[in-house]
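Comments concern the structure below.
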Amino acid sequence: MDTPMTPEQSLRLIESMISQAKQSFSRMSFYFLTWGVLLTLAMLATQVWSGVDPEVRHGAPWGVAGAVGGALSAWYGARQSRKEEVLNPMDRIINWLWASFVIALLLVLFTTLLAGGDPGIPITLMTGIPTFLTGQIMRFRPLVLGGVLFWVAGVAMQLVPEADVRTALYCAAMVLGYIVPGILLMRKENGVRPA
Amino acid sequence: MAFAPLDPVLHNQLRLAIVSLLVSVEQADFNHLLERTGATRGNLSVQISKLKEAGYIQVTKGLRDNYPNTVCRLTPEGLHAFEGYVKAIKDYLHH
């Protein structure tokens, strides 16, 4: 790399390196896959449990999913921060985006439950925001579409009263909005081109 | 018209590649720079030292998982020099 450079070559080198640096994001697929699977299972467990005992509100699966997901995310985040080769300012923005989402989610959850309402729809709609923005920041279209899917699912859940259909819509949004983009992102992070 | 002379510290492919990478990130370690630039360990090490001597980058040596780890980050002087270099290159190209 010690050969003389023309101004054109210098500019091309700068552009190429900056472009590479902008694509240096932390590995995020773990979070989408973990939360996607846990929340889908929580929704299915709630639905099954409600069929067995329809008189009681069944929040336990959500509590378990939240605790397990939180613990796994904290463990993975700490492990990754020790291994990370590069610190990209966009990573910091994505982290704050998700942190603010979790705070808003907990506030919506508690205030809605205190008022005796169902937080499922507002949380589904809210989930679209960080998913969509993360996809835009990373320029990763499956996550952008995943965010849009959460919005579509949230609106559809509002329009249908049947619990079974709402469950199906939520699970579909989780699978297509979190799990599928998570798998595609993992393939990208591992350097595997989609088939 | 007289052109501003190009900064000799930056007008080198590997040093320019290192600084260009560091412009867009907060910090990057030696292995990341090695992978992105495709340089040899020895050459990268030499060019990092030259950039450090010029005050363009800050180098922090530490341990990660019990292995030596070198982390580089651009200094304000480095950013200023890079901006000046880009401006000078554009002047050359536009005239």
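Figures for the structure shown
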quantity: Filter pass, residue A:74 being away from chain B (no Cβ under 14 Å) and within 30 Å of residue B:65 (Cβ to Cβ); calculated: yes
quantity: Leading residue by the ranking (modelled with the highest pLDDT) among those in region A:53-73 that are in a loop (DSSP other than H, G, I, E, B) and open to solvent by 30 Å² or more (accessible area, probe 1.4 Å); calculated: A:59
quantity: Residue match in region A:20-29 (condition: in contact (Cβ under 8 Å) with a residue 24 or more places away in the chain, among the aromatic types (Phe, Trp, Tyr) and under 30 Å from residue B:34 (Cα atoms)); calculated: yes
quantity: Any chance residue B:20 is at pLDDT 90 or above, out of contact with any helix residue (DSSP H, G or I) (no Cβ under 9 Å at 6 or more places or on another chain), among the small types (Gly, Ala, Ser) and closer than 22 Å to residue A:5 by Cα; calculated: no
quantity: Total residues in region B:40-95, condition more than 13 Å from residue B:11 (Cα to Cα), modelled with pLDDT under 90 and either touching a helix residue (DSSP H, G or I) at 6+ places or on another chain (Cβ under 7 Å) or open to solvent by less than 50 Å² (accessible area, probe 1.4 Å) (or both); calculated: 7
quantity: Subset of region A:6-33 that is among the basic types (Lys, Arg) and part of a helix (DSSP H, G or I) - its residue that is farthest from the other protein chains (Cβ to nearest Cβ); calculated: A:12
quantity: Residue check for residue A:27: under 25 Å from residue B:71 (Cβ atoms), more than 19 Å from the chain's Cα centre (by Cα), at pLDDT below 90 and open to solvent by 70 Å² or more (accessible area, probe 1.4 Å); calculated: no
quantity: Test: residue in region A:34-51 that is more than 14 Å from chain B (Cβ to nearest Cβ), at pLDDT below 85 and open to solvent by 60 Å² or more (accessible area, probe 1.4 Å); calculated: yes
quantity: Which numbered condition residue A:170 fails, given (1) in contact (Cβ under 8 Å) with a residue 40 or more places away in the chain; (2) under 17 Å from residue A:31 (Cα atoms); calculated: (2)
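The values are calculated or read from the model by the stated rules, or taken from the named source; none is laboratory data. From a predicted model like this one, the values you see are computed outputs, not experimental measurements. Every residue, glycine as well, gets a Cβ built from its backbone with ideal geometry; the counts of neighbours run over all protein chains shown. What goes into the accessible areas is simple: the full protein's heavy atoms, side chains included, and nothing from ligands, DNA or RNA. Shrake-Rupley method; radii C 1.70, N 1.55, O 1.52, S 1.80 Å.
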